[in-house]
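S.K.: Take this structure first; my questions come after.
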Amino acid sequence: MTQQPDNQGTWTDFLTSKGADCSSAMYPWFKSPGEEVLMAARESILADLSNLTVLRVSGEDAESFLQSQLTNDIKKLDLDKSQLSAYCTPKGRMLALFLIFKRDDGFYLLADTQLAEIVLKKLRMYVLRAKVVIDLLSDWVVIGLSGDDVYSDLKNSFEKISREINTVSSKKTLSAICINGKNPRYIVAGETESIIQLWENLPDTYSLTGHHAWSWLDVQAGLPTISTETSEAFVPQMTNLELIDGVNFKKGCYPGQEIVARMQYLGKLKQRMFRLQSTEATPPHAGDKIFSSSFPNQAAGTVVSAEPGPNTGIDILAVVQIKAIESGDLHLESDTGPALTVKELPYSLS
């Protein structure tokens, strides 16, 4: 299990002072998942994202090193732009998925907390003689803000904040990234004390949540996550990563590149990530299976992420066989499990 970062005490104490429960779950929470999602659907939220950890890749060869390891074109990053990028096995399966941005002292990778140390060790194995240093920044934390007034509220702290998706605004030890969502959304990463100061300077109109509310917003935006349960389960295209600018097919070699490229140009993609909904009350877990009569005696799909809906039911992102989607016969857990319906994604799959 990932070790608790050095700043855990300071950050936990601060969240506790704001009403968070930091003792009874893997990550802090303010309300039940259902209540937090309801707030995300109706109100402006300020979310603790302890489920994300910050890695920094620095040194003279940092850019060329990451270019040789990840699916996206690192050379296209500058101080004002972020990108999604996957780290794959030689078989083209995603070990992890990063949101990457650049600062003066290196490249910053937001990674799933439970995968962070695993990824850190694997990346370090390939540094060899390159002039690269890879650190887990235990003194950095991550928060998310969503709502109509987020841009104007952050403008008080970031002079050059932008409304354009994937743009980055940085100052001292803080960086804010504008990401996809129905409402304006920003992820802010920074040193713990800087994040605390930013939080205290924001209006008290935000509802405070843990990561479940943010995860639900990601489901609505069709943004995949890779967790310990789904690491090495999917080729990038299965999670629609090339449709949301997470893969560059002209950048050159990286682990699994040949398989990813072959899937794009020569193969026929049989699975895609879809947004689904269930009337059940209890969300499935990442990695749980989806079944269909089109695929008797075997699973037809895998849950990527799931959260309770704001009113009833469960909202799900899942990688599913396209043939099963076309049949319209989808169930959780077994052929006779809870029925699933397909909902629209905010982008086209064609």
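S.K.: Looking at L99 and the list (1) in contact with a helix residue (DSSP H, G or I) (Cβ under 7 Å, 6 or more places away or on another chain); (2) in contact (Cβ under 8 Å) with a residue 24 or more places away in the chain; (3) part of a strand (DSSP E or B); (4) not β-branched (V, I, T), which single condition is not satisfied?
M.R.: Going through (1) in contact with a helix residue (DSSP H, G or I) (Cβ under 7 Å, 6 or more places away or on another chain); (2) in contact (Cβ under 8 Å) with a residue 24 or more places away in the chain; (3) part of a strand (DSSP E or B); (4) not β-branched (V, I, T) one by one, L99 breaks only (1).
S.K.: Which of the residues that make up the stretch 273-293 are crowded, with 16+ Cβ neighbours inside 10 Å, more than 15 Å from D315 (Cα to Cα) and among the small types (G, A, S)?
M.R.: Hit for the stretch 273-293 is S292, nothing else.
S.K.: Still on this structure, I have one more. Determine if the stretch 239-247 includes at least one residue that is in contact with a helix residue (DSSP H, G or I) (Cβ under 7 Å, 6 or more places away or on another chain), under 27 Å from S157 (Cβ atoms) and buried (at least 24 other Cβ atoms within 10 Å of the Cβ).
M.R.: Filtering the stretch 239-247 down to residues in contact with a helix residue (DSSP H, G or I) (Cβ under 7 Å, 6 or more places away or on another chain) leaves 242, 246-247.
If we keep only those that are under 27 Å from S157 (Cβ atoms) as well, we get none.
Checked against the condition, which is being in contact with a helix residue (DSSP H, G or I) (Cβ under 7 Å, 6 or more places away or on another chain), under 27 Å from S157 (Cβ atoms) and buried (at least 24 other Cβ atoms within 10 Å of the Cβ), the stretch 239-247 yields no hits at all.
S.K.: Just the residues that are in contact with a strand residue (DSSP E or B) (Cβ under 9 Å, 6 or more places away or on another chain) and assigned to a helix (DSSP H, G or I), please, taken from the stretch 219-242.
M.R.: Passing the criteria: V219, Q220, A221, P236, Q237, M238, T239, L241.
S.K.: Name the residues in the stretch 248-272 that are surrounded by 15 or more Cβ atoms within 10 Å (Cβ to Cβ) and either of a type in the set (K, R) or in a loop (DSSP other than H, G, I, E, B) (or both), would you?
M.R.: Hits for the stretch 248-272 are N248, K251, Y254, P255, G256, R272.
S.K.: Okay, next question. For the stretch 48-69, which positions are aliphatic (A, V, I, L, M) and in a loop (DSSP other than H, G, I, E, B)?
M.R.: Correct list: L49 only.
S.K.: Could you identify the single residue in W216, W199 that is at pLDDT 95 or above, under 16 Å from the mean Cα position of the chain (by Cα) and not in a loop (DSSP other than H, G, I, E, B)?
M.R.: Step by step, each of W216, W199 is checked, and only W216 is at pLDDT 95 or above, under 16 Å from the mean Cα position of the chain (by Cα) and not in a loop (DSSP other than H, G, I, E, B).
S.K.: Right, next: Tally the residues that are polar (S, T, N, Q) and surrounded by fewer than 24 Cβ atoms within 10 Å (Cβ to Cβ), restricting the search to the stretch 202-216.
M.R.: 2
S.K.: Continuing with the same structure: The conditions are (1) of a type outside the set (D, E); (2) closer than 30 Å to K121 by Cβ; (3) modelled with pLDDT of 95 or more; (4) part of a loop (DSSP other than H, G, I, E, B), and G19 fails exactly one of them. Which is it?
M.R.: So the condition that G19 fails would be (2).
S.K.: Looking at the stretch 60-81, is at least one residue without any contact (Cβ under 8 Å) to a residue 60 or more places away in the chain, touching a Lys or Arg at 6+ places or on another chain (Cβ under 8 Å) and either small (G, A, S) or not assigned by TED's automatic domain parsing to the domain that holds K171 (or both)?
M.R.: The answer is no; no qualifying residue exists.
S.K.: Something else now. Is it the case that some residue within the stretch 143-152 is within 25 Å of E63 (Cα to Cα), surrounded by 16 or more Cβ atoms within 10 Å (Cβ to Cβ) and in contact with a strand residue (DSSP E or B) (Cβ under 9 Å, 6 or more places away or on another chain)? Talk me through it step by step, then tell me what you get.
M.R.: We begin by selecting, within the stretch 143-152, every residue within 25 Å of E63 (Cα to Cα); these are none.
No, there is no match, as no residue in the stretch 143-152 is within 25 Å of E63 (Cα to Cα), surrounded by 16 or more Cβ atoms within 10 Å (Cβ to Cβ) and in contact with a strand residue (DSSP E or B) (Cβ under 9 Å, 6 or more places away or on another chain).
S.K.: Another question, then. Considering only residues that are within 13 Å of the chain's Cα centre (by Cα) and either part of a strand (DSSP E or B) or not hydrophobic (A, V, I, L, M, F, W, C) (or both), look in the stretch 102-128 and name the one that is farthest from S227 (Cα to Cα).
M.R.: Among them, the one singled out is L109.
S.K.: Now for a separate question. Is one or more of the residues making up the stretch 166-174 within 17 Å of the chain's Cα centre (by Cα), of a type in the set (A, V, I, L, M) and either assigned to a loop (DSSP other than H, G, I, E, B) or on the phi < 0 side of the Ramachandran plot (or both)?
M.R.: Yes.
The values are calculated or read from the model by the stated rules, or taken from the named source; none is laboratory data. As the structure is a computational prediction, the values presented were derived from the model and not from experiment. Cβ coordinates were reconstructed from backbone atoms using ideal geometry, including for glycine residues, and neighbour counts include every protein chain displayed.
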